[in-house]
Structure formats: structure tokens, C-alpha cells
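The values are calculated or read from the model by the stated rules, or taken from the named source; none is laboratory data. No experiment lies behind these values; they were computed from the predicted model shown. Cβ: placed from backbone, ideal geometry, glycine included. Neighbour counts: every protein chain shown. Just so you know, the surface numbers come from the protein's heavy atoms only, side chains and all, with ligands and any DNA or RNA stripped out. Shrake-Rupley method; radii C 1.70, N 1.55, O 1.52, S 1.80 Å.
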Amino acid sequence: MPVLNERAYLEHAVQSVLAQDVTGPTELVLALGPSTDGTTEVAERLAAAEPRLRIVHNPAADIPVGLNAAIRASVHPTVIRVDAHSELSPGYARQGLATLNRTGAANVGGVMRANGRTPFQAAVARAYNSPFGLGGGSYHGGTKEGPAESAYLGVMRRAVLEEIGLFDESIRRGEDWELNLRIRQAGYAVWFDPQLAVTYWPRESWIRLARQFRATGAWRGELVRRYGRRNGVRFFAPPALVLIVALALIVGVLQLTGVLAGIGSVLASVVYLPLVAYALLVIAMALVRGRSTDPPRSPRERVWTLAVLPTMHLSWGLGFLTGVLRGAHDTVDASRLGTRNTPLP
């Protein structure tokens, strides 16, 4: 479990892991980054009270560096990646191990069930759980079991991880997708099991959400630079939206200043059509109730949806274009670093 500034979530995440009913010995290794919100003290208190919990330090704060340090410090033949911003459902580990053995896959993942405590966080969670929000990857609500491109978190065979060289520490976001690409290239299967479920708590504020998605988009752009067409088509939708918005702004300025007029102005107005369609989809997302099992939506959550979806798509798209054009370089997810927007030392 990589951990950085997760004081509000860490104890619940750790409890959900330690409560898993697995036959045989288990351990939980925290890769602890240099937190500034009291997370370190929480982690040390939990480790002092629980012999199955150990801490390795991750001064670089990069997720793949922390994951590799935790994997190297662990001893068992199966590695289950967990997240401090998530909570495993009861029986998750047992089901994951059973599916791993039944399918012979190298990595098994399940569904990310985003949830929210506040109207803003609930709006983000709805977007995460919707194909319109995050592009319809199987782990965002798929129901059909089978081979997958990638896996959320993952129940993995240590032998395969060691064979392919663990996580690529030069990739700060999207490291799971890249790892699963190498797993598949090595001839192993990545498997999706919808019976596996993890509760995920999204970012709690608009600025943190925008920072997270800009960084994620930048690293997807970097992955496109490195791996080209191996990236799915859905990753290109947000940057296309950004380009259409930019083109529409240019056309609008030219029309307002009279540079574009007559039939040329009419033809150029076609650029507004996809934006109108997008706006209608966003409004529909704000109005729709969702699944029958979902709780009723508050008016504040519906209003936040109107801001959340464009924020996610445009931030991701801007980051993607930056990543494609010049690479991700030292871009980090600064959404948990307060007002800081630079890598930790």
C-alpha cells in the first residue's frame, strides 16, 4: 500500500485489509511517503499494534518506487496491491486468490466502486462509475468476467512480477497499465472479475481533482509517446474535446470581430455542434438518477456534476496534449500536497 497524506483514510483502508479472511499467513506493507498531515504518526501507531503490518519508507513519494520497495520487502508468493484511498470489500482477497488459481492468470482485478461523503465527492464518484465519465474501462462498472487490458489494483503472482522486472519507476502515473502491458506481452493473462469490489474515495475538492486529472493525462500522453497504438482509442476523447473547445473559441472570436461572416461563418459554426452535444450529455448526467441501487442525489450533487465532468475531461485532455508534445518529465499528482505543485524531495 503506497501512502502519502492519507490521515483521513488510512486507518479504514488498513482495517479493510487486515479483516480479509485468507487461509495462510498474510502481511501488509505500507510504502510510507513523507507526509505532512499526520499520516506518518497514524501509520506508526497502527504498525505498533499489529504484527502483520510493516512500514518501508518511500522518500521519493513516487507510487511505483513505493510499490517496488513494498514488494521487495514482502515474502509471500502472491502480491495484492491495495490503496490508502480505498477499502477492500469483505472476501476480496479470498475471491481474488480463487480467481487467480482458477484462471491461471498473472493478475486479477475487479471493480472500482467510487463513493463520496460530500456532495462534491459524490458527484465525482458518479462520474467515475459512469462510462461517460472515465471512458468505460471494465473496472469502472463492467459485469462480464474475462481477459482485460489492465486491472484496478490487482492480485498478482510474485514470480511473474519478478520475471518482468516489477513496476517501471520512470512512470509516475499509469504505472499499472504499463505493468499489465508487459504482463500480456510476456504471454500471461490479465483477468477481470466483477465479483471483486473495492470502494474508492475520490478527491475532496475541485482544485485537487483538476490537479489529479492533469497529471494523469500528462502521463497518458507520455505513454502514448512510448507505446503508441497500444493505448486504447478512448484515451483520445478528452484531448479531442480540448481541441474542439479551442477551435470553437477561435471561431467565436473571428465571428464577433466580423472576420468570419456570411456563408463562411455559417459553415464554421459546425464546430459548435459537438460542444452542444457534450453539454447535453453533461446536463443529462446531472439529472439522471443513476442505478436503482444508488442513493437519491441531492441538488448540490447535481450542480457539482455540471462542473465535475468538464473539469475531469478538460484537465485530463490538457495534460494529455502536454504529455504527447513534450513528455511528462517531472509531472506529479500534486492533489494530495496542499498548495504545492512540485515533486517532493
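Scanning region 107-121 for residues that are open to solvent by 20 Å² or more (accessible area, probe 1.4 Å) and not in a loop (DSSP other than H, G, I, E, B), we see that the one that is farthest from residue 310 (Cα to Cα) is 113. A count restricted to region 205-238 and to residues that are basic (Lys, Arg), open to solvent by 30 Å² or more (accessible area, probe 1.4 Å) and over 24 Å from residue 119 (Cα atoms) stands at 5. A single entry from 31, 60 fulfils the requirement of being farther than 19 Å from residue 202 by Cα, within 23 Å of the chain's Cα centre (by Cα) and modelled with pLDDT under 95: 60.
May I ask you to list the residues in region 47-76 that are among the basic types (Lys, Arg) and either in contact with a strand residue (DSSP E or B) (Cβ under 6 Å, 6 or more places away or on another chain) or assigned to a loop (DSSP other than H, G, I, E, B) (or both)? So that I can check it myself, show each step before the final result.
Step one: filter region 47-76 for residues among the basic types (Lys, Arg), giving 52, 54, 72.
Answer for region 47-76, where residues must be among the basic types (Lys, Arg) and either in contact with a strand residue (DSSP E or B) (Cβ under 6 Å, 6 or more places away or on another chain) or assigned to a loop (DSSP other than H, G, I, E, B) (or both): 52, 54.
Determine if region 1-10 includes at least one residue that is in contact with a strand residue (DSSP E or B) (Cβ under 7 Å, 6 or more places away or on another chain), free of Cβ contacts under 8 Å to residues at least 40 places away in the same chain and either closer than 21 Å to residue 72 by Cβ or surrounded by fewer than 17 Cβ atoms within 10 Å (Cβ to Cβ) (or both). No, because not a single residue in region 1-10 is in contact with a strand residue (DSSP E or B) (Cβ under 7 Å, 6 or more places away or on another chain), free of Cβ contacts under 8 Å to residues at least 40 places away in the same chain and either closer than 21 Å to residue 72 by Cβ or surrounded by fewer than 17 Cβ atoms within 10 Å (Cβ to Cβ) (or both).
Yes or no: residue 303 open to solvent by 30 Å² or more (accessible area, probe 1.4 Å) and either modelled with pLDDT of 95 or more or in a helix (DSSP H, G or I) (or both)? Outline the logic, then answer.
On the way: open to solvent by 30 Å² or more (accessible area, probe 1.4 Å): yes; either modelled with pLDDT of 95 or more or in a helix (DSSP H, G or I) (or both): yes.
For residue 303, the condition - open to solvent by 30 Å² or more (accessible area, probe 1.4 Å) and either modelled with pLDDT of 95 or more or in a helix (DSSP H, G or I) (or both) - is met.
Take the conditions (1) at positive phi; (2) under 23 Å from the mean Cα position of the chain (by Cα); (3) small (Gly, Ala, Ser); residue 13 misses just one of them, which is (1). Checked against the criteria, residue 65 does not count as surrounded by 13 or more Cβ atoms within 10 Å (Cβ to Cβ), over 22 Å from the mean Cα position of the chain (by Cα) and either closer than 27 Å to residue 178 by Cβ or in contact (Cβ under 8 Å) with a residue 60 or more places away in the chain (or both). Looking across region 77-106, the residues that are out of contact with any Leu (no Cβ under 8 Å at 6 or more places or on another chain) and part of a strand (DSSP E or B) come down to 87, 88. Taking region 168-184 as the range and being more than 17 Å from residue 327 (Cβ to Cβ) and either over 16 Å from the mean Cα position of the chain (by Cα) or surrounded by fewer than 21 Cβ atoms within 10 Å (Cβ to Cβ) (or both) as the test, the residues that pass are 181, 182, 183, 184.
Kindly indicate the residue of region 185-204 that is aliphatic (A, V, I, L, M) and farther than 26 Å from residue 121 by Cα and also least open to solvent (accessible area, probe 1.4 Å) among those meeting that condition. So that I can check it myself, show each step before the final result.
Here is the first cut: in region 185-204, the ones aliphatic (A, V, I, L, M) are 186, 189-190, 196-198.
Pick out the ones that are also farther than 26 Å from residue 121 by Cα and you get 186, 189-190.
On the way: 186: 46, 189: 41, 190: 3 Å².
By that ranking, first place goes to 190.
Do we find a residue being farther than 18 Å from residue 179 by Cα, of a type in the set (D, E, K, R) and open to solvent by less than 50 Å² (accessible area, probe 1.4 Å) anywhere in region 70-83? The answer is no; no qualifying residue exists.
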